Amino acid sequence: MLLVRPTAARRWRAVRPPGPAQVHQAIAAALAAFGIRGCAARVAQAYGEHPETAVLRMRWARAAVAGASGAVRAEPGCFARAA
């Protein structure tokens, strides 16, 4: 999970995507500061307060983590349920 302050996320998107070292550093710092449950609680709170940004921010975070780990990025449509 990538937990960054909204201002940092905006800065990264506006200038350039974060590199793998920046992503790993942000994750390590968030986990050290808040723990797994604390990170999850902060994400839930932020998305509860601003649900209109949840999908775009999570998509951005997933892409940043996938890029940092070398994982193949899933296309949004691959999780759609079959009718």
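See the values below:
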| item | result |
| --- | --- |
| Pairs where the first residue, in the range 38-49, is surrounded by 15 or more Cβ atoms within 10 Å (Cβ to Cβ) and the second is of a type in the set (Ser, Thr, Tyr) and in a helix (DSSP H, G or I), C-beta under 8 Å, 6+ apart | Tyr47/Thr53 |
| Close pairs (9 angstrom Cβ cut-off, 6 or more residues apart or separate chains): among the polar types (S, T, N, Q) and in a helix (DSSP H, G or I) in the range 50-67, surrounded by fewer than 15 Cβ atoms within 10 Å (Cβ to Cβ) and modelled with pLDDT under 90 anywhere | Thr53/Pro6 |
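The values are calculated or read from the model by the stated rules, or taken from the named source; none is laboratory data. None of these values were measured; they are calculated from a predicted model. Positions of Cβ are generated from backbone atoms using ideal geometry, with glycine treated the same way; all protein chains shown enter the neighbour counts.
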